[in-house]
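Any read-out appearing in this document is the output of simple, stated calculations on the displayed coordinates, not a laboratory observation. As the structure is a computational prediction, the values presented were derived from the model and not from experiment. Cβ placement follows ideal geometry from the backbone for every residue including glycine, while neighbour counts extend to all protein chains displayed.
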Amino acid sequence: MSKSADKTEKQAEMLRHNLVLRKKQIEERNKLAAEKKKNSDGKELAQTGGVD
């Protein structure tokens, strides 16, 4: 494999890894927001979504 192809493959791997981490963070944040909303009894509305 040429150096540029190897570099491109490494970049693609990093991007995939970052997307997986980002997805996990968003799911975690949404889960926490849902818990917060449930626990607040309507006193405060939790932010939901996860699209920055």
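Overview of results
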{"read-out": "16, 29 arranged by Cβ crowding within 10 Å, fewest neighbours leading", "value": "16, 29"}
{"read-out": "Extension reserve of the residue 19-residue 40 stretch, reckoned as 0.36 nm per residue once the Cα distance is removed", "value": "4.4 nm"}
